[in-house]
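Taking it in order: structure first as structure tokens, then the write-up.
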């Protein structure tokens, strides 16, 4: 039994990661959720949305609800989220292409 993320889950701290069990030192497969706005949304609107979402994530009741589901949260700036998107795209593009998966 292991978690697939790069670090142990705070809701299951005794469960090791796949990497800790010796299955690849860089093994990190995580699910994430994000809020997107349409292309061309003014920067001040994106900044405001980001601030409001981060305020919501800082609430103890929201943190507890996320934790109860065994999930983790990480508040990010729009720039940090953009970096995550680019990193995941580069990480998965060749695997998806090799799989032959298509959008239906």
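Structure notes:
- Count of region 27-60 residues, restricted to those that are touching a residue at least 12 places away in the same chain (Cβ under 8 Å) and under 13 Å from residue 5 (Cβ atoms), is 5.
- Residue that is surrounded by the fewest Cβ atoms within 10 Å (Cβ to Cβ) [pool: residues in region 9-48 that are in contact with a strand residue (DSSP E or B) (Cβ under 6 Å, 6 or more places away or on another chain) and assigned to a loop (DSSP other than H, G, I, E, B)]: 15
- Tabulated pairs, region 61-72, first not assigned by TED's automatic domain parsing to the domain that holds residue 14, second in a helix (DSSP H, G or I), C-beta under 7 angstrom, 6+ apart or interchain: 62/56
- Criterion applied to 51, 71, 65 was being within 19 Å of residue 9 (Cα to Cα) and in a helix (DSSP H, G or I), and the one residue passing it is 65.
The values are calculated or read from the model by the stated rules, or taken from the named source; none is laboratory data. Quantities reported herein were computed from a predicted structural model and do not represent experimental measurements. A quick note on method: Cβ atoms are made from the backbone with ideal geometry, for glycine too, and the neighbour counts reach across all protein chains shown.
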